[in-house]
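Contents: one structure, followed by commentary.
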Amino acid sequence: MRNRFRLIAAVSLLVCASASEAVFTNGGFEQNSFAGWTLGGGTNPGLAGAPPFTGASVQINPGATGPASLVGATADPRAPGIVLPRVGRYTAKINDEGTNAIVTTLRQTDTVTAADIDPADGLPHLRFSFAPVLDDPSHSPEEQPYFYVVVRNVADNSVLFEQFAYSGQPGVTFQQGTGTWKFLPFQNVDAVLPAGTVGQQIELTVIGADCSLGGHAGYVYVDGFGSAQVGGGAGTGTPAVPVPALDRLGMLLMALLLAGCGLFSWRRA
Ligand SMILES: [Ca+2]
């Protein structure tokens, strides 16, 4: 029992020290910039191997940083079913409707803390929302535009979560956009990380890739990276969330955590 109390005390101290440090920096892009993120890119020589593709299939030839932007309240003429922005005032658009086999990468490395633990199951979570918009020229699968999201444990490079789809991939419920464009409405992801990732560094990578033959484009909207639930419900888009409301929520959470710390201190005594 004594060890158990020590563990509770240690966890509570960790929570108190890191309550405001949940992953990721500028995870919702509300700074209207890519502050905290690293953009990169290159060109797409095609996916290696045959379906089903994974991160091991992704190849990027060295090249310039690909296009990326922040979008607000706007309509996507290629994907009329996507409501923008997804949450808050800004959503990131990784790659764009230009062609030439361009790849854009978005990366951030951060440390998982006790603040990222969901009390519902006691495990750290990584949540975000994404919506790919990919032209579908009906090339071979390895030549199609694609998107890819992966979370790796930096220590051993192991994959904690990944999601991949090429344009028109069987089994993926793409909706028909304008012309030959296909898209998915915003999909909310809730990746449960192993308990052991608390205190460890994770690297998140998002990739949006044109087709490898050079004539067709692909991009992906992403928003809401963090351990908290992505606001606004099931991917239908939301109006702007006033900042004071978030501040009040933060204060409430902080108060609850501090109350929890007090309780654990009392238990220790
Ligand atoms: Ca946002």
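The values are calculated or read from the model by the stated rules, or taken from the named source; none is laboratory data. Everything numeric here is computed off the predicted structure, so don't read it as measured data. Quick reminder, even Gly has a Cβ in these numbers, built from the backbone with ideal geometry, and neighbours come from all protein chains shown. We work out accessible area using only protein heavy atoms, side chains counted, and drop any ligands, DNA or RNA first. Shrake-Rupley method; radii C 1.70, N 1.55, O 1.52, S 1.80 Å.
With θ set to phi - 60°, apply the Karplus curve 6.51 cos²θ - 1.76 cosθ + 1.60 along segment 54-63 and write out the HN-Hα couplings as whole Hz, x wherever there is a Gly or Pro.
So the Karplus estimates, Gly and Pro as x, are 9, x, 5, 7, 6, 10, 10, 6, x, x Hz.
Using amide H atoms built 1.01 Å from N in the peptide plane, name the residues 5+ places from Asp136, or on other chains, whose amide H lies under 5 Å from its own.
Correct list: Trp181, Lys182.
Sequence-distant or interchain residues sharing an amide H contact under 5 Å with Val154, placed H: which?
Those lying under 5 Å, H to H, from Val154 are Gln201, Ile202, Glu203.
How large is ³J(HN,Hα) for each residue in segment 179-196, as worked out from phi by the Karplus curve 6.51 cos²θ - 1.76 cosθ + 1.60 (θ = phi - 60°), to whole Hz, x for Gly and Pro?
Residue by residue, segment 179-196 yields x, 8, 6, 10, 8, 10, x, 3, 10, 8, 10, 10, 8, 8, 8, x, 3, x Hz.
How large is the Kirkwood hydrodynamic radius of segment 22-241, in angstrom, based on all distinct alpha carbon pairs?
It works out to 17.3 Å.
Using packing as a proxy for protection, rank 61-67, 109-115, 37-43 so that the peptide with the highest average count of other Cβ atoms within 10 Å comes first.
Sorting 61-67, 109-115, 37-43 by mean packing, highest first, produces 109-115, 37-43, 61-67.
Taking 0.36 nm per residue of sequence separation and subtracting the Cα-Cα distance, how much length would be gained by fully extending the chain between Gln187 and Phe161, in nm to one decimal?
Taking 0.36 nm per residue and subtracting the Cα distance, the gain is 7.9 nm.
Using a 1.4 angstrom probe and counting only protein chains, how large is the accessible area of Lys182 in Å², to 10?
About 50 Å², ignoring ligands and nucleic acids.
Give a residue-ordered list of calculated ³J(HN,Hα) values for segment 148-165 (Karplus: 6.51 cos²θ - 1.76 cosθ + 1.60, θ = phi - 60°; whole Hz; x for Gly, Pro).
Values, residue by residue: 8, 10, 9, 10, 10, 7, 4, 4, 10, 6, 6, 8, 8, 7, 8, 9, 9, 7 Hz.
How far apart, in nm, are two points set 7 Å out from the Cα along the Cα-to-Cβ line at Leu39 and at Ser69?
So the two model labels end up 1.1 nm from each other.
Suppose every Lys and Arg Cβ carries +1 and every Asp and Glu Cβ carries -1, with no other charges. What dipole size does segment 22-241 come out with about its Cα centre, to the nearest 20 debye?
Taking the Cα centre of segment 22-241 as origin, the dipole is about 280 debye.
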